[in-house]
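Okay, structure first, notes after.
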Amino acid sequence: MKRFWCAFFMFWPIVAVILCWIAPGQNWWFPRGPSGTGAAMSPLGERIDDLFYMILMITSVTFVGTQVALGYVLFTGARRSDTSHDAEGAEKTWFTHGSHNLEVMWSIVPAAVLLFIALYQMEVWAEYRVKDKFPEEVRKGPQAEVTARQFEWRIRYPGLDENGNPLELMPDPQPTDLYTVNDLHLTSGEPVMIWLRSEDVQHSFFLPELRVKQDAVPGLVIPVWFEATKSTEYSLLCAELCGWGHYKMKARLVAEREEDRLVWLQELQAAQNDDGVPDAGDASDDE
Ligand SMILES: [Cu+2]
């Protein structure tokens, strides 16, 4: 029975390593997305992936090391020859009070590793979340406001002026604003910012391919910035179980060149300002 438990605990690290090894080939790893490989599609996303892989390496080595140590202890324990016997000749359980040195070591080493990770990730965290560290390009203001609600993403863009340039997005809705649902169009190839809100419960704004995830919290306006390197369509999902229709909050981010985005905004404005009444020229056709 002791041998069984020894083999049992040694089995799992082997399974874990094999699974990690074959996972990318089975598409059990990062979603392949438009990159086709699952690689992050934003510069900051690549650095987040580097952090992820570093932590994965540390936890893998710890997990395998711990299991091997456990297996070793069980194996050597099972073979002890100095076990004492009671009056009937049955083996007595062997007690130990442990090792003070070992306990000091396995307290200090994990603390040092955690401290190292905490300090090492600080710069990426700051660039991602601290407003003073946001890139220069996003200081001019957000391109859109995204409001999560059960169960969709409502998106508000500033309208265009008479020259076709976007107005400034105001904190409060303006008559000139433009709206879409589940269709977020932003500029590719440069850092862009959105304002994130929630109308009801807590949601989470998740762009898996760009490695962006931010909770949308009722009552807060949260600035989120990111940079989509490629002009293409990305998934926009809700990553917070927000109610029965959580699964329906699948939307898209269309990252496109600024010229294309302005054309799209013009079409949106024309569609939104269309009152349904035919123009004078069209009216004559009807008569
Ligand atoms: Cu949601």
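Read-outs: derived from the displayed coordinates by stated rules, not from any lab. Quick caveat, the model's predicted, so the values are computed rather than measured. Every residue, glycine as well, gets a Cβ built from its backbone with ideal geometry; the counts of neighbours run over all protein chains shown.
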(request) Rank LEU241, ASN165, VAL224 by how far each Cα sits towards the positive end of the charge dipole of the range 137-273 (+1 on Lys, Arg Cβ; -1 on Asp, Glu Cβ) and give me just the farthest. (result) LEU241
(message) Under 18 Å between alpha carbons, and skipping anything fewer than 8 positions from LYS230 in its own chain: which aspartates and glutamates qualify?
(response) GLU46, ASP49, GLU137, ASP183, GLU190, GLU209, GLU256, GLU258, GLU259, ASP260
(request) Find the percent of Cα-Cα distances in the chain that exceed 24 Å, and round it to a whole number. (result) 66
(message) Once you place label points 7 Å from the Cα toward the Cβ at VAL124 and ARG139, how far apart are they in nm?
(response) 2.6
(request) Rounded to the nearest 10 degrees, what's the angle between the helix 43-78 long axis and the longest principal axis of the chain, both from Cα atoms, 0 to 90? (result) 20
(message) If packing is taken as the average number of other Cβ atoms within 10 Å across a peptide's residues, how do 191-202, 9-20 rank, most packed first?
(response) 191-202, 9-20
(message) As a test of the formula, what do you get for the chain when each DSSP H run with n ≥ 4 contributes -39,500 (n - 2.57) and the sum is divided by the residue count, at 222 nm and rounded to the nearest 500 deg cm²/dmol?
(response) -13000 deg cm²/dmol
(request) Distance check, please: which entries in LYS131/LYS248; LYS133/LYS250; LYS140/LYS213; LYS140/LYS250 exceed 24 angstrom between their Cα atoms? (result) LYS131/LYS248; LYS133/LYS250; LYS140/LYS250
(message) Under 5 Å between amide hydrogens, which residues at least 5 positions from TRP153 or on another chain qualify, with H placed 1.01 Å from N in the peptide plane?
(response) ASN182
(request) Amide H neighbours of PHE226 under 5 Å, at least 5 residues apart or on other chains, H built in the peptide plane: list them. (result) VAL192
(request) Arrange the peptides 168-180, 29-41 so that the one whose residues have, on average, the most other Cβ atoms within 10 Å appears first. (result) 29-41, 168-180
(request) For the chain, give the magnitude of the charge dipole about the Cα centre (Cβ charges: +1 Lys/Arg, -1 Asp/Glu; no others), in debye to the nearest 20. (result) 2500
(message) Can you tell me how the range 122-194 classifies by the Cα gyration tensor, rounded, prolate or oblate, using a/c under 1.5 as the rounded cut?
(response) oblate
(request) With θ set to phi - 60°, apply the Karplus curve 6.51 cos²θ - 1.76 cosθ + 1.60 along the range 138-143 and write out the HN-Hα couplings as whole Hz, x wherever there is a Gly or Pro. (result) 8, 5, 6, x, x, 8
(request) Out of all DSSP beta bridges with both ends in the range 172-287, state the antiparallel percent to the nearest 5. (result) 75
(request) In debye, nearest 20, what is the charge dipole magnitude of the range 137-273 about its Cα centre with +1 on Lys and Arg Cβ and -1 on Asp and Glu Cβ, if you could check? (result) 480
(message) So if I place +1 on the C-beta of Lys and Arg and -1 on the C-beta of Asp and Glu, and nothing else carries charge, what would the dipole magnitude of the range 149-228 be about its Cα centre? I want it in debye, nearest 20.
(response) 320
(request) Just the number, please: percent antiparallel of the DSSP beta bridges in the chain, rounded to the nearest 5. (result) 75
(message) Using +1 at the C-beta of Lys and Arg and -1 at the C-beta of Asp and Glu, which of PHE8, ALA23, PHE116 has the Cα lying farthest in the positive direction of the dipole of the range 1-116?
(response) ALA23
